[in-house]
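Asks: Just dropping this structure here.
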Amino acid sequence: MSNSKTSLSAPSVISDFKEITKMRLALSVVFSSIAGYLLGVDTVDFKTLVLLAFGGYFMVGASNAFNQIIEKDLDALMDRTKNRPIPAGRMSVNTAFVIASIFTLLGIIILYTINKQTAMFGAISIFIYTCVYTPLKTKTPISVFVGAIPGAIPFMLGWVAATDNFGIEPGTLFALQFFWQFPHFWAIGWFLFEDYKKGGFFMLPTGKQDKGTAVQTMMYTIWTILVSIIPVFGFTGDLHLSIIAAILVFILGLGMLYYAIQLFKKMTEQAAKQLMLASVSYITLVQIVYVVDKFIS
């Protein structure tokens, strides 16, 4: 079968659609939004929950599609990204732009039907990710800080969708996911360092796989742990955490810190990959603990 026919086959089209919107990443973001929503509501409204899930997916999918349009030439240089739909020639820039534009409009409209603040934060997320974070990735490691802002919005977005209010509660959820992203993305930047270098991306805080980067990774992991247990002290309004849940969250944090320390000790790509996997497990389990604790305590 020829390449052109293969590219037009249904499985290939679906696969490219999933890749241009980064479906796995988008679904993890939707998970965070739903967790935030469940933390904010008194009674679950399944219509709002569905709207939040679809609106959130469209917003993240749009950001990812715009990102791949902007970075298409750089993606072609890296092993990790050279087979993406645009650099591989399976999807045109115009097609990707149409998908990104439609997703942006649908996302904003759907989130607007929940409330105006939810739509506003969703739009801010797309703008920062596409227009600020993406161009900065080839210029300065500060891009990770900028990228952590839209990356931290989904968890708090769920609370705003539930309450139509931004206060200390969604601010705390934002802070938790904000600090978490530094060890997470620095771990990725470490084990993909050589590949990122081909595309001219500067992701590590010192620009190198050195002790300075490892130390900062440990420090931000500690900050993540501290922020994650703040709700147990009663300073975060309607966002509460029981003592037992706080202990569980703290233990999960120590597990992530262990792998950050291992990176400092070993300074290897394998250690960085283990930290990345630990960080994904950490944020997922912490969100589950938060939600379960709310409904059983």
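Asks: Would you mind telling me which numbered condition in (1) part of a helix (DSSP H, G or I); (2) among the acidic types (D, E); (3) touching a residue at least 24 places away in the same chain (Cβ under 8 Å) E194 fails?
Replies: That leaves (3) as the condition not met.
Asks: Quick one: count up the residues across the stretch 126-162 that are open to solvent by 40 Å² or more (accessible area, probe 1.4 Å), outside any helix (DSSP H, G or I) and among the hydroxyl-bearing types (S, T, Y).
Replies: 1
Asks: Let me confirm something: among D73, D42, which residue is modelled with pLDDT under 90 and surrounded by fewer than 24 Cβ atoms within 10 Å (Cβ to Cβ)? Quick ask: steps written out before the conclusion?
Replies: Working: D73 fails: modelled with pLDDT under 90.
Just a single option satisfies the conditions, and that option is D42.
Asks: Name the residue, out of G212, G253, G237, G199, that is surrounded by fewer than 15 Cβ atoms within 10 Å (Cβ to Cβ), of a type in the set (G, A, S) and more than 19 Å from F145 (Cα to Cα).
Replies: Details: G212 fails: more than 19 Å from F145 (Cα to Cα); G253 fails: surrounded by fewer than 15 Cβ atoms within 10 Å (Cβ to Cβ); G199 fails: surrounded by fewer than 15 Cβ atoms within 10 Å (Cβ to Cβ).
Going through G212, G253, G237, G199 in turn, just one is surrounded by fewer than 15 Cβ atoms within 10 Å (Cβ to Cβ), of a type in the set (G, A, S) and more than 19 Å from F145 (Cα to Cα): G237.
Residue-wise test of (1) of a type in the set (A, V, I, L, M); (2) more than 21 Å from I288 (Cβ to Cβ); (3) touching a residue at least 24 places away in the same chain (Cβ under 8 Å).
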| position | (1), (2), (3) |
| --- | --- |
| V215 | yes, yes, yes |
| I222 | yes, yes, yes |
| P231 | no, no, yes |
| F235 | no, yes, yes |
| H240 | no, no, yes |
| I243 | yes, no, no |
| F250 | no, no, yes |
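Asks: Looking at F145, F103, which one is at pLDDT below 95 and over 20 Å from L74 (Cα atoms)? Reasoning before the result, please.
Replies: Working: F103 fails: at pLDDT below 95.
Of F145, F103, the one residue that is at pLDDT below 95 and over 20 Å from L74 (Cα atoms) is F145.
Asks: Restricting the search to the stretch 260-279, which residues are in contact with a Ser or Thr (Cβ under 8 Å, 6 or more places away or on another chain) and either open to solvent by 50 Å² or more (accessible area, probe 1.4 Å) or free of Cβ contacts under 8 Å to residues at least 12 places away in the same chain (or both)?
Replies: F264
Asks: Within the set of pairs 6 or more residues apart or between chains, which connect a residue that is touching a residue at least 40 places away in the same chain (Cβ under 8 Å) inside the stretch 135-150 to a residue that is of a type in the set (D, E) with Cβ atoms less than 9 Å apart?
Replies: These pairs meet every condition: K137/E71; T138/E71.
The values are calculated or read from the model by the stated rules, or taken from the named source; none is laboratory data. Treat the numbers as computed from the prediction; the structure is a model and nothing was measured. All Cβ positions, even for glycine, are placed from backbone atoms using ideal geometry, and neighbour counts span all protein chains on display. All accessible areas refer to the heavy atoms of the entire protein, side chains included, with ligands and DNA or RNA removed. Shrake-Rupley method; radii C 1.70, N 1.55, O 1.52, S 1.80 Å.
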